Amino acid sequence: MATFLYRIGRWTFRRRRLVGSLWLAALVLLGVAAATAAPGPESEFSMPGTESQEAFDLLNERFPGGDAQGAEARLVFQAPDGERVTAGPHRETVEDALGGLAGGDQVSSVTDPFATGAVSEDGSVAYATLTYTERASGLTGETTAALEDAAERARDAGLTVEVGGSALAPEDELGGTTELIGLAVAAVVLIVTFGSLLAAGLPLLTAIVGVAAGFCLIAALAAPLDLPPTASILAIMLGLAVGIDYALFIVSRYRSELAEGRDPEEAAGRAVGTAGSAVVFAGLTVIIALAGLAVIGIPILTTMGMAAAGTVALAVLVALTLVPPLLGFLGGRILRRADREARAGAGTYPSAHTGRPGLGVRWARFVLRRPVAVLLTAVVGLGAAAVPVLSLELGLPGDESLSTDTTQRRAYDLLSSGFGPGFNGPLTVVVDTGEAADPEGAGDRAAETLSGVDGVISVGAPVFDVAGDTAVLTAVPATAPNTTETRDLVHTIRDEVGDVEADTGAEIFVTGTTALNIDVSQALGDALVPYLAIVVGLAFLLLMVVFRSVLIPLKATLGFLLSVEAALGAVVAVFQWGWAADLFGVSQTAPVMSLMPVFMIGVVFGLAMDYEVFLLTRMREAHVHGESPHQAVTTGFRHSGRVVAAAAFIMISVFAGFIGMTDPIVKTMGVGLATAVAFDAFVVRMAMAPAVLGLLGRRAWWLPRSLDRMLPNVDVEGEALNRVLPVPAPDPAAGAPRARSGAGGS
């Protein structure tokens with residue numbers, strides 16, 4: 001592996017104009033393909049195999065005029081204090097507003113609140129439901145403008161009017177202020193790390209190239225592969241983070257090789273052969289974790305994982321093939337000005353090992369002197385941070401999680417105050433009467449049974465399709481959507497309707513957003529163990545191949561579990577308990593997104609293994625070259641500690657840039673991933689790892705002989721390069737060090 005990548009590094013460095021031109025042409029072609037490609041399907045959250053999804057599919061089949069998961073709007077009207085919305089002038093205002101919407105091109109139906117009884121007991125609040133023939137992303141500007149205009153006219157007439165539902169759902173666009181701040185922080189970290197603007201700009205440039213290529217590829221393949229627009233969100237988030245990090249490690253190793261006395265081409269080859277090997281295996285762990293999301297069985301999660309995995313693969317390719325040519329173009333400007341001036345005066349670059357030991361070395365020595373104290377402190381600290389996980393509640397965020405500045409949230413609050421907390425999470429009950437002897441009787445029996453269930457405050461009359469073989473009923477719970485009581489109510493209803501099915505021959509399904517949320521949470525819980533087994537098992541084997549050790553992969557896996565639990569604890573504290581809510585822009589506490597635990601496990605596991613590979617490959621390299629276990633740990637921190645810390649700061653800043661988005665799902669992802677990286681990089685990898693290695697000594701690198709013979713030798717640390725290539729000698733004529741000879745030379 002190292003020798004192969006070494007040849008790639010030297011060849012791309014030497015043929016930099018050709019390679020740069022090929023990458024430029026590839027970007028242009030991908031851009032053209034993306035611009036001319038048909039758009040992908042609309043984002044659709046589905047959970048195949050669940051009762052709620054089966055009911056959605058049945059509704060789409062039996063009610064072809066609409067979409068069971070299509071856009072919906074609720075116009076909520078509130079009269080001034082002490083007045084009733086049913087009063088003459090107010091009633092006319094409501095009817096006029098709704099009358100202007102009924103004839104819209106994309107409007108499927110508009111309910112009359114006065115005919116359907118959608119008025120609160122005190123008469124102060126009324127609502128009308130609008131259904132559309134398209135989903136929210138398919139609504140035209142004219143359609144949404146008509147809805148907003150109707151609400152504004154009613155406001156002008158003296159009513160308080162808010163609009164809930166998905167029709168006016170805010171859409172975040174990537175590239176906002178907070179994401180740019182994240183990139184700016186990454187740039188500052190790179191400048192501090194390298195001491196050179198050009199060196200700092202190179203990882204940013206290559207990361208942007210990789211993300212641009214990935215984004216264009218996803219857009220070009222959206223239609224043939226059914227990739228929704230949301231597939232690019234995770235791809236961009238991860239592509240930026242790992243793209244910067246992978247280039248950072250290769251550039252850092254290149255500068256280190258120059259300091260060892262090698263000429264630029266040789267240094268590029270060795271940087272790609274050693275750090276590039278670590279990049280390949282770190283990328284593989286991320287790809288395994290992302291591709292493993294397919295095990296969960298949620299299509300949108302699978303497409304997001306696969307799209308992100310493809311972007312990570314592109315980031316690896318960019319780091320291996322585009323970074324060396326750019327290093328060639330930059331020449332000596334990749335170094336600090338002081339280093340270039342020192343080389344001009346002495347004919348060689350200053351060694352990285354001279355002078356006072358750096359912070360990384362001093363930290364490693366501190367940990368090795370007190371391994372037990374550091375290890376216990378880290379474990380107790382992460383354990384304390386993980387305590388909130390014990391009260392974790394899962395759900396899918398709705399309008400209740402939005403800011404009170406939004407009309408959707410205000411509509412939610414008006415409905416809750418006027419009709420009860422459960423009104424915002426109605427249950428849709430679908431009765432398939434195709435096999436029933438008396439279809440209408442089956443519908444009435446289902447309504448009667450639902451009315452008798454404790455926790456159901458109202459049940460609508462059955463509404464049949466044109467063929468008369470499917471009835472739809474709406475049951476309103478007494479409790480809010482994301483509560484334990486509502487979850488138990490859904491299970492109770494499903495049990496109660498069993499007798500109706502047996503007596504009438506009909507099939508009854510409970511669905512709706514609330515029921516789908518409950519089914520998704522249960523399905524995710526059931527899939528978590530097999531997902532962990534597959535992802536962690538494959539990554540464990542990969543790390544065992546890389547490090548030729550059993551205990552190091554075990555340590556890496558256990559440390560990851562601690563860090564991800566602590567990060568989930570932080571997510572619960574912020575989004576569920578409301579700690580520091582104002583700081584993160586969380587206006588309302590709510591259950592944590594049900595996808596978050598498995599999502600964090602998949603993404604963070606791959607990223608955690610990045611730091612494990614980058615930090616410990618330097619330690620193994622030193623150990624293979626004869627250093628003692630403690631010396632190897634110190635050497636690893638001398639070469640990689642500063643760079644791993646910089647990489648972690650960069651990844652944290654990129655993820656934190658998404659916290660400012662209004663979408664609660666993306667905001668939760670930003671907080672969770674940024675926190676998880678901070679815990680894993682600075683507590684697990686930088687503190688616990690050296691402490692454990694110090695306690696284990698040589699046993700850390702133990703591998704049974706039977707496994708040693710079975711596992712392939714991938715030589716991540718580049719030992720083959722040191723056997724094949726001679727030590728460089730200075731070339732006075734050139735004024736710079738040159739290698740006497742080398743494999744893969746020109």
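The values are calculated or read from the model by the stated rules, or taken from the named source; none is laboratory data. Bear in mind the structure is a predicted one, so any value in this text is a computation, not a measurement. As a convention, Cβ positions derive from the backbone with ideal geometry for all residues, glycine included, and neighbour counts pool all protein chains shown.
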- [ ] Please work out which residue is farthest from residue 641 (Cα to Cα), limiting yourself to segment 367-419 and to residues that are exposed (fewer than 15 other Cβ atoms within 10 Å of the Cβ) and β-branched (Val, Ile, Thr).
- [x] 404
Open item on the list: Out of the residues in segment 319-348 meeting the condition of being within 30 Å of residue 25 (Cβ to Cβ) and of a type in the set (Gly, Ala, Ser), tell me which one is modelled with the highest pLDDT.
Closed with: 319
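Criterion first (closer than 21 Å to residue 513 by Cβ, in contact (Cβ under 8 Å) with a residue 24 or more places away in the chain and surrounded by fewer than 19 Cβ atoms within 10 Å (Cβ to Cβ)) does residue 116 satisfy it?
Working: closer than 21 Å to residue 513 by Cβ: yes; in contact (Cβ under 8 Å) with a residue 24 or more places away in the chain: no; surrounded by fewer than 19 Cβ atoms within 10 Å (Cβ to Cβ): yes.
In short, no.
Give me a count of the residues in segment 110-141 that are charged (D, E, K, R) and modelled with pLDDT of 85 or more.
Taking segment 110-141 first, the residues charged (D, E, K, R) are 112, 121-122, 134-135.
The next check asks that each one be modelled with pLDDT of 85 or more; those that pass are 112, 121-122.
Number satisfying all stated conditions: 3.
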TODO: Report, ordered by the first and then the second residue, all pairs with beta carbons closer than 7 Å, sequence separation of six or more or different chains, a first member in segment 529-542 that is assigned by TED's automatic domain parsing to the domain that holds residue 601 and over 12 Å from residue 296 (Cβ atoms), and a second member that is assigned to a helix (DSSP H, G or I) and polar (S, T, N, Q).
DONE: 536/557; 539/285; 540/557; 542/285
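In segment 230-340, which helices (runs of 4 or more DSSP H) lie fully inside it and hold 2 or more residues that are in contact with a Pro (Cβ under 8 Å, 6 or more places away or on another chain) and of a type in the set (Val, Ile, Thr)?
Working: elements: 231-259, 264-291, 299-321, 323-330.
Qualifying helices (runs of 4 or more DSSP H): 231-259, 299-321.
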Task: Within segment 606-624, considering residues that are modelled with pLDDT under 80 and surrounded by fewer than 24 Cβ atoms within 10 Å (Cβ to Cβ), the one nearest to residue 571 (Cα to Cα) - done: 621
- [ ] Out of 643, 654, 603, report the one residue that is in the same structural domain as residue 288 (by TED's automatic domain parsing), surrounded by 23 or more Cβ atoms within 10 Å (Cβ to Cβ) and out of contact with any helix residue (DSSP H, G or I) (no Cβ under 6 Å at 6 or more places or on another chain).
- [x] 603
Task: Residue check for residue 621: in contact (Cβ under 8 Å) with a residue 60 or more places away in the chain, more than 28 Å from residue 565 (Cα to Cα) and assigned to a helix (DSSP H, G or I) - done: yes
TODO: Evaluate the following for residue 226: is it surrounded by fewer than 22 Cβ atoms within 10 Å (Cβ to Cβ), touching a Lys or Arg at 6+ places or on another chain (Cβ under 7 Å), in contact (Cβ under 8 Å) with a residue 12 or more places away in the chain and not polar (S, T, N, Q)?
DONE: no
Task: Neighbours by Cβ (under 7 Å, 6+ apart or cross-chain): first from segment 135-158, exposed (fewer than 15 other Cβ atoms within 10 Å of the Cβ); second of a type in the set (Asp, Glu) and in a helix (DSSP H, G or I) - done: none
Open item on the list: Condition first: in a helix (DSSP H, G or I), modelled with pLDDT under 90 and among the basic types (Lys, Arg). Can you find one or more residues in segment 349-362 that meet it?
Closed with: no
TODO: Among what's in segment 15-40 and is loosely packed, with under 15 Cβ neighbours inside 10 Å and assigned to a loop (DSSP other than H, G, I, E, B), pick the residue that is modelled with the highest pLDDT.
DONE: 38
Task: Within segment 288-324, tally of residues that are surrounded by fewer than 23 Cβ atoms within 10 Å (Cβ to Cβ) and of a type outside the set (A, V, I, L, M, F, W, C) - done: 5
TODO: Output the residues belonging to segment 205-232 that are of a type in the set (Val, Ile, Thr) and at pLDDT 75 or above.
DONE: 206, 208, 209, 211, 218
Open item on the list: Return the residues of segment 550-571 that are surrounded by 21 or more Cβ atoms within 10 Å (Cβ to Cβ) and either of a type in the set (A, V, I, L, M) or in a loop (DSSP other than H, G, I, E, B) (or both); say none if nothing qualifies.
Closed with: 552, 556, 562, 564, 566, 567, 568, 570, 571
Task: Whichever residue in segment 55-109 is part of a strand (DSSP E or B) and at pLDDT 90 or above and, among such residues, is surrounded by the fewest Cβ atoms within 10 Å (Cβ to Cβ) - done: 78
Task: Condition met for residue 627 (free of Cβ contacts under 8 Å to residues at least 60 places away in the same chain and surrounded by fewer than 24 Cβ atoms within 10 Å (Cβ to Cβ)) - done: yes
TODO: Working carefully through the options 540, 575, find the one that is closer than 24 Å to residue 402 by Cβ and either part of a loop (DSSP other than H, G, I, E, B) or not small (Gly, Ala, Ser) (or both).
DONE: 575
Open item on the list: Between a residue in segment 403-425 that is within 13 Å of residue 481 (Cα to Cα) and any residue that is assigned to a loop (DSSP other than H, G, I, E, B) and at pLDDT 90 or above, which pairs come within a Cβ distance under 8 Å, given they are 6 or more apart or on different chains?
Closed with: 420/478; 421/478; 421/479; 422/478; 422/479
